[in-house]
Amino acid sequence: MKKHIYALWAFFILFSQSIAASVEVRSTHMTTGDGVANNSIRYIYQDSKGFIWMGTLNGLSRYDGNSFVTFRPEGGNKISLIDHRIRDLEEDKNGFLWIATSAELFSCYDLKKDCFVDFTGCGEYEQLYSYKMTDREGNVWLWQDGNGCRKVTYMNGEFTSVVFKKENNNLPSNNVTYISEDEQGRIWIGSHDGIAQVVGNKAVLVEENHDASKMMSFGKDVFFLSGTGTISLKREGEDSRIVTRLGEGSKVYSTMRLQNDWIVFTEDGSYVFNLRTHQVSRDTELNIARGQVQIDNRGISGFIIIQVRYGMSTPRPDLSSLSN
């Protein structure tokens with residue numbers, strides 16, 4: 001029986017090698033001479049239709065495999081690309097391409113109708129926002145440190161939006177640092193002045209005097225990480241409480257989750273916080289000071305790149321239960 005198994009494995013290995021040997025990889029170098037908007041390409045994204053989008057320092061290019069179409073800001077009242085310096089691209093579940101620019105402005109492109117649209121529903125698409133998050137319902141959240149945040153909803157063919165700002169009495173602070181969704185579907189807004197939970201169209205303060213940096217949920221538990229390494233725990237029906245502090249007030253740079261461990265990269269290296277036991281240890285394998293984590297668009301199944309200052313990087317293989 002074992003001989004048959006070994007023979008079968010040998011067959012698969014030889015078969016896979018023969019297939020690999022027959023694959024021919026070709027590449028084509030394309031520049032502005034071929035139609036690309038600019039040779040400084042900062043982001044490449046493939047949409048659900050198969051088009052390749054290239055965000056550059058001087059416009060947005062769409063490639064269909066044969067030719068390019070380039071988008072740049074246009075004058076007049078027509079809605080067009082908001083800024084020519086592209087830094088990020090992502091398609092949502094409704095078929096809209098969200099385009100983040102260096103001017104801290106967003107554009108939204110309807111991939112079905114091939115046009116830019118007013119994603120606010122009220123003509124306020126030129127408001128400043130730096131970051132974006134999409135919740136499980138498909139709502140898009142935009143925010144900026146100093147300008148509050150906006151919840152964008154697309155339903156029945158129309159966009160509507162709700163602005164959360166201190167002056168609207170529905171947000172404790174405009175200095176928003178993150179918006180995150182926990183495993184129960186609750187939305188949390190972190191700021192330099194505390195943490196709030198979204199209830200309806202209002203954000204209710206749950207923890208004051210907390211310089212919010214990151215959030216992580218584990219079952220029904222929600223953990224908040226401050227910019228100086230303090231971790232607080234919030235449970236349903238209870239006030240939040242501090243569970244630990246990482247180092248001596250070390251500045252937090254980034255985090256990632258590996259199964260039950262929350263790995264925090266700080267100024268003096270990395271720490272591991274176990275979400276189940278609340279125990280803290282130092283990570284010897286990933287003890288990288290000032291590490292920055294990037295996860296590919298597949299989320300769980302991609303490679304992790306831990307960027308170190310001055311351009312060095314360390315790749316990690318595919319890991320389960322991965323998030324940041």
Residue match in the range 185-198 (condition: over 22 Å from residue 286 (Cβ atoms) and acidic (Asp, Glu)): yes
Boolean, residue 70 is under 21 Å from the mean Cα position of the chain (by Cα) and among the β-branched types (Val, Ile, Thr): no
Test set (1) modelled with pLDDT under 90; (2) assigned to a loop (DSSP other than H, G, I, E, B) - residue 277 fails condition number: (1)
Boolean, residue 181 is among the acidic types (Asp, Glu), touching a Gly at 6+ places or on another chain (Cβ under 8 Å) and either free of Cβ contacts under 8 Å to residues at least 24 places away in the same chain or surrounded by 14 or more Cβ atoms within 10 Å (Cβ to Cβ) (or both): no
Residue identified as in contact (Cβ under 8 Å) with a residue 60 or more places away in the chain and either in contact with an Asp or Glu (Cβ under 7 Å, 6 or more places away or on another chain) or hydrophobic (A, V, I, L, M, F, W, C) (or both) among 225, 205, 258, 233: 258
Pairs with Cβ under 7 Å, 6+ apart, first in the range 120-142 and free of Cβ contacts under 8 Å to residues at least 12 places away in the same chain, second surrounded by 15 or more Cβ atoms within 10 Å (Cβ to Cβ) and outside any loop (DSSP other than H, G, I, E, B): none
Residue match in the range 162-175 (condition: touching a Lys or Arg at 6+ places or on another chain (Cβ under 7 Å), farther than 19 Å from residue 121 by Cα and either in a strand (DSSP E or B) or aliphatic (A, V, I, L, M) (or both)): yes
Among the residues listed as 110, 114, 92, the single one being of a type in the set (Asp, Glu), under 18 Å from residue 139 (Cβ atoms) and either surrounded by fewer than 15 Cβ atoms within 10 Å (Cβ to Cβ) or without any contact (Cβ under 8 Å) to a residue 40 or more places away in the chain (or both): 110
Lone qualifier among 95, 138, 75, 65 - being among the small types (Gly, Ala, Ser), in contact with a strand residue (DSSP E or B) (Cβ under 9 Å, 6 or more places away or on another chain) and more than 18 Å from residue 157 (Cβ to Cβ): 65
Hits in the range 194-213 - residues which are crowded, with 21+ Cβ neighbours inside 10 Å and either among the aliphatic types (A, V, I, L, M) or over 16 Å from residue 239 (Cα atoms) (or both): 195, 196, 198, 203, 212, 213
Selection within the range 37-59 - in contact with a strand residue (DSSP E or B) (Cβ under 8 Å, 6 or more places away or on another chain), of a type outside the set (A, V, I, L, M, F, W, C) and surrounded by fewer than 16 Cβ atoms within 10 Å (Cβ to Cβ): 39, 40, 42, 46, 48
Lone qualifier among 87, 62 - being basic (Lys, Arg) and buried (at least 19 other Cβ atoms within 10 Å of the Cβ): 62
Enumeration of residues in the range 214-252 that are surrounded by fewer than 18 Cβ atoms within 10 Å (Cβ to Cβ), in contact with a Leu (Cβ under 9 Å, 6 or more places away or on another chain) and among the β-branched types (Val, Ile, Thr): 228, 242, 243
Residue in the range 95-107 that is farthest from residue 138 (Cα to Cα), counting only those that are touching a Lys or Arg at 6+ places or on another chain (Cβ under 7 Å) and in contact (Cβ under 8 Å) with a residue 40 or more places away in the chain: 98
Residue under evaluation residue 141, criteria (1) of a type outside the set (A, V, I, L, M); (2) crowded, with 22+ Cβ neighbours inside 10 Å; (3) on the phi > 0 side of the Ramachandran plot, criterion not met: (3)
Condition met for residue 195 (out of contact with any Ser or Thr (no Cβ under 8 Å at 6 or more places or on another chain), free of Cβ contacts under 8 Å to residues at least 60 places away in the same chain and in a strand (DSSP E or B)): no
Subset of the range 198-232 [assigned to a strand (DSSP E or B), at pLDDT 90 or above and polar (S, T, N, Q)]: 217, 226, 230, 232
Test: residue in the range 151-159 that is closer than 24 Å to residue 222 by Cα and modelled with pLDDT of 95 or more: yes
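The values are calculated or read from the model by the stated rules, or taken from the named source; none is laboratory data. Keep in mind it's a predicted model, so treat the numbers as computed, not measured. Methodologically, a virtual Cβ is constructed for each residue, glycine included, from the backbone with ideal geometry; neighbour enumeration extends over all protein chains shown.
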